[in-house]
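Have a look at the structure below, then the notes.
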Amino acid sequence: MSELLIAGGRILDASTGTDTVADVLVRDGLIVAIGPDVASGASGADVLDARDCWVTPGLIDLHTHLREPGGEGAEDIATGSAAAAAGGYTAVAPMANTDPVADTAVVIELIMRRGREVGLVDLLPVASITRGLGGAELSPMGELARSEARVDFFSDDGVPLGDSLVMRRALQYASAFDVVICNHSEDPALTADAQMNEGATSSVLGLPGWPREAEEVMLARDLILAHGAGARLHVPHLTTAGGVELVRHAKRAGVRVTAEVTPHHLTLEDVEVAAYDAVMKVNPPLRTRRDIDALRAALADGTIDAVATDHAPHGREAKRQPWEHAPCGMLGLETAFALVHTELVLGGVLDAMTAVARFTTGPAGVRNTRGHGGPITVGAPANLHVFDPSQRWTVDRARLHSRADNTPFHGRELVGRTRHTILHGRPTLRDGEIASEVTHG
Amino acid sequence: MSAPLTDLIAIRDLSREQVDGILSDAREMLPIARRERASVPTLRGRIVCNLFLEDSTRTRLSFDLAAKRLSADVVNFTASGTSVNKGESLLDTAQTLMALGVDLVVLRTSSAGAPVQLAREVEIPVLNAGDGWHQHPTQALLDALTMLQHRDTLEGARVTIVGDVLHSRVARSEVELMRLLGAHVTLVAPPTLLPPDVSSWGVTVTSDIDAVLPDTDVLYVLRVQRERMHRAFFPSIREYAQVWGIDAARMRRLPADALLMHPGPVNRGVELTSGAMEDPRSVITEQVTNGIAVRMACLYRLLSAAPRTEVTS
């Protein structure tokens, strides 16, 4: 019998609206007591100091690339899990664009098993919509939904489903199992050779532009198709003000749609590209101040349900190629919550509870997050995040847990840092250090 | 005395004083460029590397001659279509150049921004000889030199640039330099071939070529690639020539003291007819000779600011 006491923290639980200072006592993976005086009855417990810290449900990332199998040079499930734990996450959803593609129960189960062996974060399974991300034949959704992994979320990740017929059928078919379809909102005909946001900056830099219309045209199509099919649609990494309006309108119209935004699209403008440092290259691209303001407002009012990282590790050599040859993607897991705290909470855009919600209850409303996202109540699984909101730190790409170092925030000072992360009652991060032993049974 | 030039990548990095300095040096070097005077030993012992990752015989020859008229040693590294283009990291290229003891690299590439990236990796000066759609600063400088051989100042000059601005590194450098030198720039192009938000460039934009010609001091015609019509930028070569091309009839609308310019090579019968090119107001061949002088001036300015790379002597 192992006991863990999270002592003296401010509990912020968006699922119940709880905001109170209390100890949390954990035994055998479950929360067994919450209150101001539970410490007295737990003299033998392992104690995690949480004074002056927030105690929130463990964070959930709906959009993660762990690169295993196939891309282990940039990241694997062990390094990516460590990055997740360091960022306060207890559950992440590794995307299906692995090699081989996660389009069969065998590959999904391999990934899930590896995740359990590492034991630093729970994996929420994602399968591709189409076999091999080919955009033509559907993956075996029914079989995957009923497999041991119980897949409830399907995405071809960065490969947009351009064929409207296939997208329509995917939504229709998915509705039989009430699983979520997530399509990359990009009309590929409008983005041939695109390198960055289309606008004044791309004009000066001579880089082919990625028009906002490409995102909005595809998003509008998908919303219309999802409405017709009565199916669940999740919009990944929304980036434009116009896209926000489309989602807002669709939600009012009763479309079963949820949406996410990345930390980088909430904080970085396309002018960051001016130095041609490909660490700023990402799909969809960094947009403009006007878009950022619209995304922030939509995150605050709930039009956007969740912050999701699109954590996309790439090796340094790949990112040091000429801009047009460099791959798209940015790291996110280790900076996401601290960045949102620094820029949006301290910046007056979100209150603390709403910020917590967008990393916990928000994702939990998109799909089945399996005991993650709260509530923090007696009897619930102890998946928790302890965040010190006053700790200042400077992002150093050389000190991240990811194998890759392509963070766009290198050198930026952030306010607030994850101190402890607890997964099923065990610390995966303790005082900023990853638990060394692999303990998960 | 203007700030020393460490790299030459984009016109927007230059001050007015630096531009005036380059143009002044170029005028002094013109007799050498024209072979009216013998080459000079100014850059003897310095190694200039022409790193041409995109085919461009004309520009490479111009840089080659410019370096040789200053007695520099020239090594050519042409790698079109090879691994260098396809993704060898710029770091590897940079390390190779440094190990070879090169003093300056002239980079031509289809990748916009690659000179900026290379300049971060090497200590030697990087001279941008054209990067994708981004910049071609020596072209704009030689154009300014040419214009200033025919008029005292570009302050208030009305420069009309016609054609495929979207895909043109020349247009981007030209607009930045003309604005720096006080000219008014008008862009004339099909809307499909204009960069997005081009109004933020501080230029006038119109689709009516005939209306602007009488009020033009310099008519600068851009090259249009024939293959653009296949991506629906415009309907046909025939229509392009009719609506946007410059022929003898349009030349008659141009003031008597105006100039006709083109960065070359010309697609005869598309953006310019042979009749227009033969007009006495055409200074297209002067541009070519001036190119050598301007490139000599740029090499000189960059290398006189750079520490000598010590190798065996």
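The values are calculated or read from the model by the stated rules, or taken from the named source; none is laboratory data. Note that the structure is predicted; figures quoted are calculated from it, not measured. Using ideal geometry, Cβ is built from the backbone for each residue, glycine included, and neighbour counts are taken over all protein chains shown.
Being in contact with a strand residue (DSSP E or B) (Cβ under 7 Å, 6 or more places away or on another chain) and among the aliphatic types (A, V, I, L, M) is the filter here, so list the residues in the stretch A:388-433 that pass it.
A:V395, A:L414, A:V415, A:I422, A:L423, A:L429
Among the residues that make up the stretch A:130-139, is at least one of them in a loop (DSSP other than H, G, I, E, B), crowded, with 16+ Cβ neighbours inside 10 Å and out of contact with any helix residue (DSSP H, G or I) (no Cβ under 9 Å at 6 or more places or on another chain)?
No, because not a single residue in the stretch A:130-139 is in a loop (DSSP other than H, G, I, E, B), crowded, with 16+ Cβ neighbours inside 10 Å and out of contact with any helix residue (DSSP H, G or I) (no Cβ under 9 Å at 6 or more places or on another chain).
Tell me, yes or no, whether the stretch A:314-327 has at least one residue that is buried (at least 24 other Cβ atoms within 10 Å of the Cβ), in contact with a strand residue (DSSP E or B) (Cβ under 9 Å, 6 or more places away or on another chain) and within 22 Å of A:M95 (Cβ to Cβ).
So far as the stretch A:314-327 goes, yes, one or more of its residues are buried (at least 24 other Cβ atoms within 10 Å of the Cβ), in contact with a strand residue (DSSP E or B) (Cβ under 9 Å, 6 or more places away or on another chain) and within 22 Å of A:M95 (Cβ to Cβ).
Looking at A:P408, A:P389, A:P427, can you tell me which residue is more than 20 Å from the chain's Cα centre (by Cα), buried (at least 17 other Cβ atoms within 10 Å of the Cβ), modelled with pLDDT of 95 or more and more than 25 Å from A:G115 (Cα to Cα)?
Of A:P408, A:P389, A:P427, the one residue that is more than 20 Å from the chain's Cα centre (by Cα), buried (at least 17 other Cβ atoms within 10 Å of the Cβ), modelled with pLDDT of 95 or more and more than 25 Å from A:G115 (Cα to Cα) is A:P389.
If you check every pair at least six apart or on different chains, which have Cβ atoms under 9 Å apart with a residue in the stretch A:185-211 that is away from chain B (no Cβ under 12 Å) first and a residue that is in a strand (DSSP E or B) and aliphatic (A, V, I, L, M) second?
Between residues of the stretch A:185-211 that are away from chain B (no Cβ under 12 Å) and residues that are in a strand (DSSP E or B) and aliphatic (A, V, I, L, M), the close pairs are A:S185/A:V235.
Which one of these does A:R116 not meet: (1) buried (at least 16 other Cβ atoms within 10 Å of the Cβ); (2) of a type in the set (K, R); (3) in a helix (DSSP H, G or I)?
That leaves (1) as the condition not met.
Failed condition for A:M353, given (1) outside the structural domain of A:L124 (by TED's automatic domain parsing); (2) under 14 Å from A:S15 (Cβ atoms); (3) part of a helix (DSSP H, G or I), with all others met?
(1)
Here are B:P195, B:P191: which of them is crowded, with 24+ Cβ neighbours inside 10 Å and touching a residue at least 12 places away in the same chain (Cβ under 8 Å)?
B:P195
Picking from A:R290, A:R248, which residue would you name as being part of a helix (DSSP H, G or I), closer than 16 Å to A:E213 by Cα and at pLDDT 95 or above?
A:R290
Please determine whether any residue of the stretch B:71-89 is among the charged types (D, E, K, R), away from chain A (no Cβ under 14 Å) and surrounded by fewer than 23 Cβ atoms within 10 Å (Cβ to Cβ).
yes
What tally of residues in the stretch A:23-34 results from selecting those that are at positive phi and surrounded by fewer than 17 Cβ atoms within 10 Å (Cβ to Cβ)?
1
Tell me, which residue of the stretch B:120-140 that is in a helix (DSSP H, G or I) and farther than 13 Å from B:F63 by Cβ is farthest from the other protein chains (Cβ to nearest Cβ)?
It comes out as B:A140.
Looking at (1) touching a helix residue (DSSP H, G or I) at 6+ places or on another chain (Cβ under 8 Å); (2) surrounded by 24 or more Cβ atoms within 10 Å (Cβ to Cβ); (3) not in a helix (DSSP H, G or I), which one does A:H63 not meet, given that it meets all the others?
Evaluating A:H63 over (1) touching a helix residue (DSSP H, G or I) at 6+ places or on another chain (Cβ under 8 Å); (2) surrounded by 24 or more Cβ atoms within 10 Å (Cβ to Cβ); (3) not in a helix (DSSP H, G or I) leaves (1) as the failure.
Give the residue that is surrounded by the fewest Cβ atoms within 10 Å (Cβ to Cβ), with candidates limited to residues of the stretch A:255-287 that are more than 22 Å from the chain's Cα centre (by Cα) and among the acidic types (D, E).
A:E272
Give me the residue from the stretch B:100-119 that is within 10 Å of chain A (Cβ to nearest Cβ) and β-branched (V, I, T) and, out of that set, nearest to the chain's Cα centre (by Cα).
B:T109
List pairs: first in the stretch A:264-289 and within 13 Å of another protein chain (Cβ to nearest Cβ), second among the basic types (K, R) and in a helix (DSSP H, G or I), Cβ under 6 Å, 6+ apart or cross-chain?
From the stretch A:264-289, the pairs are A:A278/A:K319; A:V279/A:K319.
Can you pull out the residues in the stretch B:171-200 that are away from chain A (no Cβ under 11 Å) and in a helix (DSSP H, G or I)?
B:E174, B:L177, B:M178, B:R179, B:L180, B:P191, B:T192, B:L193
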